[in-house]
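Every number in this text was worked out from the coordinates using simple rules, so none of it is lab data. Everything numeric here is computed off the predicted structure, so don't read it as measured data. Methodologically, a virtual Cβ is constructed for each residue, glycine included, from the backbone with ideal geometry; neighbour enumeration extends over all protein chains shown.
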Amino acid sequence: MSVHESGEMYLEAILVLGKKSNFVRSVDVGEYLGYSKPSVSRAMGILREENYITVAKNGGLQLTDKGRTLAEKIYERHTILVDLLVHLGVSEETASVDACRMEHVISDETFDAIKRHASNL
């Protein structure tokens, strides 16, 4: 089953927060994304059911291998798209917002071409 854009955003948030701290909770994800507790709780339930995350008894969130693979893919798209847009003269803030939208809808083929092009800059 494929994850929707919001699910990808949650997975990416868990990955990013996990780089800063070994202990990531749902409340941390909600604060990071600016989402309500009920929305985060519902999403975590869906991601757990689909085997993208595990939730420890102490509330800690962990990405499964499946979840980490998808989160890293989205995060790579985000960082490369931001770098490319900034290189083109877009402000960092706008580049980040636009990359966040683009990273979820761009095809693998197009992203691979952008990635190849960006590596030559």
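Details
- Built amide H within the under 5 Å cut-off of TYR52, gap 5+: none
- Exposure proxy ranking, count of Cβ atoms within 10 Å, fewest first, for MET102, MET44: MET102, MET44
- Distance (nanometres) between label positions extended 7 Å along Cα→Cβ at THR94 and ARG116: 2.9
- Across the stretch 50-58, computed HN-Hα scalar couplings (Karplus, 6.51 cos²θ - 1.76 cosθ + 1.60, θ = phi - 60°) run 8, 6, 9, 9, 10, 10, 6, 4, 7 Hz from first to last residue, x flagging Gly and Pro.
- When each of the peptides 58-65, 73-80 is scored by how many other beta carbons lie within 10 Å of its residues on average, the order from highest to lowest is 73-80, 58-65.
- Cα→Cβ-extended label distance, 7 Å offset, between VAL27 and ILE106, nm: 3.6
- Computed log₁₀ I(q)/I(0) - Debye formula, equal Cα scatterers, no solvent, the stretch 22-83, q 0.16, 0.18, 0.23, 0.24 Å⁻¹: -0.56, -0.70, -1.04, -1.09
- Net charge over other residues, Cβ less than 14 angstrom from the Cβ of ASN58 (K, R count +1; D, E count -1): +1
- Proximal charge balance of SER21 [Cβ under 15 Å; K/R count +1, D/E count -1]: +1
- The mean sequence separation of alpha-carbon pairs under 8 Å and at least six residues apart, normalised by the residue count of the chain, gives a relative contact order of 22 percent.
- Screening the chain for DSSP H helices whose Cα atoms reach 30 Å or more along their own axis and whose mean Kyte hydropathy is at least -0.5 gives 65-87.
- Counting Lys and Arg as +1 and Asp and Glu as -1 over every other residue whose Cβ lies under 15 Å from the Cβ of GLU93, the net charge comes to -2.
- Sorted ascending by nearby beta carbons within 10 Å, beginning with the fewest, LEU85, LEU11, LEU47 become LEU85, LEU47, LEU11.
- Ratio Rg/Rh, restricted to the stretch 72-119 and using Cα atoms, in which Rh is the Kirkwood radius: 0.93
- Lysines with Cα under 16 Å of LYS115, excluding same-chain neighbours fewer than 8 positions away: LYS73
- Take the Cα of ARG42, step 7 Å toward its Cβ, do the same at LYS57, and the gap between the two points is 3.0 nm.
- Cα gyration tensor, the chain - rounded (a/c under 1.5), prolate or oblate: prolate
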